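The values are calculated or read from the model by the stated rules, or taken from the named source; none is laboratory data. Note that the structure is a prediction, hence the values are computed from the model and not measured. Note that we place each Cβ from the backbone using ideal geometry, even for glycine, and neighbour counts take in every protein chain shown.
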Amino acid sequence: MHSSLPRLRVALPAVLLSLPLVLGACGSGDSGSDPAAETSASASFPVTVTGANGDVTLDEQPESIVSLSPTATEMLFAIDAGDQVKAVDDYSNYPEDAPVTDLSGFTPNAEAIAGYQPDLVVLSNDQNGIVDALAALEVPTLLLEAATSVDDTYEQIETLGQATGHTEEAGDVVTETRDRIADAVASVPADAKGMTVFHELGPELYSADSSTFVGSIYAMFGLENIADGPGEAAGGYPQLSPEYVVGAAPDLIVLADTKCCEQSAETVAQRPAFDTVPAVKEGRVLEADDDVASRWGPRIADFAEAVAKSLQG
C-alpha cells in the first residue's frame with residue numbers, strides 16, 4: 001500500500017502498481033481522557049474532510065477506526081488518535097501496539113471490516129471496489145492514496161487530524177517532520193549536490209525514479225537518480241540491469257530490501273563488478289528499513305536523516 005510503496009517483497013508486481021511507497025518516528029501517544037481535550041474535539045464536529053473518494057462528513061468524533069493502510073496507521077498513532085483505532089490490516093506493523101488483525105488491504109472484505117463496527121475506515125487504495133461496498137453498508141470511508149510528494153504526506157496527516165479530532169496534534173507532527181527534514185538537508189555538504197543515487201527495491205534491481213515519492217526525497221538533497229531515464233517508460237519503477245547500475249556508477253546506494261531479501265552492503269559488494277561502484281568503494285551503501293523506505297508517513301524524517309548521514313560520510 002503503497003505505500004507505499006511498502007508487500008514489495010511478497011508480491012513485487014502488486015507493490016509496483018500500488019506502491020504504498022515511503023517514512024518520522026513520532027511514536028504513539030496516549031490520547032488520554034482529558035475532559036477539556038474531549039470537549040474541544042467534540043466541538044469540532046461535524047466535520048467534512050476530502051479524500052481521493054471525495055468529501056466525507058463525520059457527524060461525531062470517530063471512536064472505532066479501522067485502518068487498512070500501514071501508512072495511515074502510522075499517521076493515526078503519531079497524531080495521538082491511537083486509542084480510537086480498533087483494528088488495522090495485517091501489514092500494519094508499526095507501532096508495535098497497533099491492533100493488528102487478519103484484515104487485508106489488498107483483498108479487503110466489506111463484511112469483515114464492518115464486523116468491527118467502525119465509524120471510520122481509512123485505506124490507501126480502492127481494491128475490489130471496497131469504497132463502494134463500504135458505502136453500501138453506510139460506513140464512512142476515507143481514501144488516502146499513495147503520496148507522490150512530501151507535501152502530500154503533510155496534507156494527509158492534517159486531514160486525519162481533522163477527521164479524528166486531533167487537528168492540533170497533526171499540526172505539531174507536520175511541523176516536526178518538516179523541520180527535521182529541512183535540518184537533514186541542510187546538514188549535507190554542498191559538494192554532495194549532484195551526486196548520483198540508486199534506490200534498490202529488490203535484488204531483481206527494481207528501482208524508483210525522481211517522479212516517485214522516495215525519488216522526491218532524493219531530489220530535496222540535490223541528488224541525481226540513475227533510474228530517471230529508464231523510469232519514464234516504466235511508470236517510475238524500472239527494472240535495471242546489473243550492467244546499467246554498474247555503468248551508472250552511483251555515489252550512493254540505498255537498499256530498501258534489507259528485511260525482505262536480506263540484502264546488505266556486504267551482499268552488494270559480492271555482486272559481479274559492483275565492487276567497482278563508487279558507493280561500494282567509498283562506503284555509501286545505506287541499509288534502510290524496508291518499511292520506513294516504502295511508506296509516506298511521519299517516519300520519512302527518519303529516512304531523510306539516514307540519507308543525510310550517508311552523504312556526510
It is to be established whether one or more residues within the range 111-123 are of a type outside the set (A, V, I, L, M) and within 23 Å of S294 (Cα to Cα).
no
Of the residues D151, D132, which single one is under 25 Å from D291 (Cβ atoms), out of contact with any helix residue (DSSP H, G or I) (no Cβ under 6 Å at 6 or more places or on another chain) and at pLDDT 95 or above?
D151
Of everything in the range 90-129, what is within 12 Å of S67 (Cβ to Cβ) and either at pLDDT below 95 or not assigned by TED's automatic domain parsing to the domain that holds A163 (or both)? Give them in sequence order.
G105
Taking the range 281-313 on its own, how many of its residues are more than 17 Å from P70 (Cα to Cα) and either at pLDDT 95 or above or part of a helix (DSSP H, G or I) (or both)?
16
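Every residue, every condition in (1) out of contact with any Pro (no Cβ under 7 Å at 6 or more places or on another chain); (2) surrounded by fewer than 22 Cβ atoms within 10 Å (Cβ to Cβ); (3) among the hydrophobic types (A, V, I, L, M, F, W, C), yes or no:
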{"residue": "Q156", "(1), (2), (3)": "yes, no, no"}
{"residue": "E169", "(1), (2), (3)": "yes, yes, no"}
{"residue": "D183", "(1), (2), (3)": "yes, yes, no"}
{"residue": "T196", "(1), (2), (3)": "no, yes, no"}
{"residue": "G215", "(1), (2), (3)": "yes, no, no"}
{"residue": "E224", "(1), (2), (3)": "yes, yes, no"}
Among the residues of the range 193-242 satisfying the criterion of being under 15 Å from S310 (Cα atoms) and of a type in the set (S, T, Y), which is nearest to the chain's Cα centre (by Cα)?
Y218
Condition first: surrounded by fewer than 16 Cβ atoms within 10 Å (Cβ to Cβ) and of a type outside the set (D, E). Now tell me which residues in the range 105-126 satisfy that.
T107, N109, A112, G115, Q117
Which of the residues belonging to the range 55-101 are assigned to a helix (DSSP H, G or I) and among the small types (G, A, S)?
A72, A78, G82
Go over the candidates G54, G129 one by one and state the one that is surrounded by fewer than 23 Cβ atoms within 10 Å (Cβ to Cβ) and either basic (K, R) or more than 30 Å from C260 (Cα to Cα) (or both).
G54
